[in-house]
Amino acid sequence: MKAKKARLISELSVLSLSLLGVVLQLSLSKSPSDAIAQFSYYTLQTNLIVFAVAFANVVFDGRRQESPRVDGTLRILTGGSVLWITVTMTVFHFLLSGYYRPEGLALIANSLLHYITPTAAVIGWLLFEEKSSYKSFYPILWTMYPLAYAVVAIIRGSFTGSYPYWFLNPADEYPQGIGSFANLIIFILVVGVAFVLAGYLMILINRLSLHRKR
């Protein structure tokens, strides 16, 4: 019972932090169109996904033991959301933080979206995700979303001339872009492989977890 309450507190914390970060970031938009444009960013999308998954875990927790389908779906979404938000933190820290130095409320929003929420999600996953609960094909599924995101962003950018991140922009040289389509393809392939490997690392960590079945 104590473990279940602790898990609930963890899920509610992640839910609250992700929602606060998204709302604060959107409140800083200069116009409605600017707010809408925020939804094209991987950062905002992954924080919204983490919010939705935490909400689903809270709402449907009681049905997990009754329905293997519900349990399996939540495990896929939970693992995926943790992987995606971890990449949000990692990519921002190593590839983007040098170009963005926010202050005031923007600094708080940035910290929530890129560091605090991802860290809370990872800690909750490490502490409460059931041991040996992931299938070997999950990492392939988890890679579909970031690859789809990249493809859509590139296609959209080729028409609008605006890319959400410099490493998805093949039209301009570094630091405005990645330099060429060849560089872009290499980058996507490397990132895709990294996602799959990170997914299998998550499975390994999960199997070594001390947390048993509820």
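Nothing in this text is a laboratory measurement; each read-out follows from the coordinates by a stated rule. Quantities reported herein were computed from a predicted structural model and do not represent experimental measurements. No Cβ is skipped: glycine too gets one built from the backbone with ideal geometry, and neighbour counts run over all protein chains shown.
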Revision key, fill the gap. Per the charge dipole of the chain (beta-carbon charges, Lys/Arg positive, Asp/Glu negative, Cα centre), the residue among Ser133, Val82, Asn110 reaching farthest to the positive end is Ser133
Check your understanding: Which of the listed residues, Leu26, Val122, Thr73, is farthest toward the dipole's positive end in the range 19-160, when Lys, Arg count +1 and Asp, Glu count -1 at the beta-carbon?
Key -> Thr73
Review point. In terms of the ratio Rg/(2.2 N^0.38 Å) built on C-alpha atoms, what value belongs to the range 109-204?
Key: 1.31
Review point. What percent do you get for the relative contact order of the chain when only Cα pairs under 8 Å and 6+ apart count?
Key: 23 percent
Review point. Can you run phi through the Karplus equation (6.51, -1.76, 1.60; θ = phi - 60°) for the range 60-72 and list ³J(HN,Hα) in whole Hz, with x for Gly and Pro?
Key: 9, 4, x, 9, 5, 6, 7, 10, x, 5, 4, 4, x
Study note, to complete from the structure: Computed over the range 118-173, the convex hull of the Cα set has an average projected area, in nm², of 5.7 nm²
Revision key, fill the gap. Karplus ³J(HN,Hα) for the range 46-52 (6.51 cos²θ - 1.76 cosθ + 1.60, θ = phi - 60°; Hz, whole; x = Gly/Pro) runs 5, 5, 5, 5, 4, 4, 5
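What is the gain in length, in nm to one decimal, between Leu201 and Ala6 on full extension, counting 0.36 nm per residue of separation less the C-alpha to C-alpha distance? Could the numbers behind the result be given before it?
Values: separation 195, 0.36 × 195 = 70.20 nm, distance 2.50 nm.
Gain in length upon complete extension: 67.7 nm.
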Review point. Over the range 2-207, how many percent of alpha carbon pairs lie in each 5 Å bin up to the one with the longest distance?
Key: 1, 7, 14, 18, 19, 16, 12, 7, 4, 1, 0
Exercise for review: Apply the Karplus parameterisation 6.51 cos²θ - 1.76 cosθ + 1.60, with θ equal to phi minus 60°, to every residue of the range 116-127 and state each ³J(HN,Hα) to the nearest whole Hz, in sequence, with x for glycine and proline.
Suggested key: 5, 4, x, 5, 4, 5, 5, 4, x, 5, 4, 7
Check your understanding: Gain in length, Lys30 to Ser136, computed as 0.36 nm per residue apart minus the alpha-carbon separation, to one decimal in nm?
Key -> 33.7 nm
Check your understanding: How big is the gap, in Å, between the Cα center of the range 130-156 and the Cα center of the range 160-201?
Key -> 16 Å
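In debye, nearest 20: dipole of the chain around its Cα centre with unit charges on the Cβ of K, R (+) and D, E (-)?
Numbers: 17 positive and 10 negative charges, 214 e Å.
In total the dipole reaches around 1040 debye.
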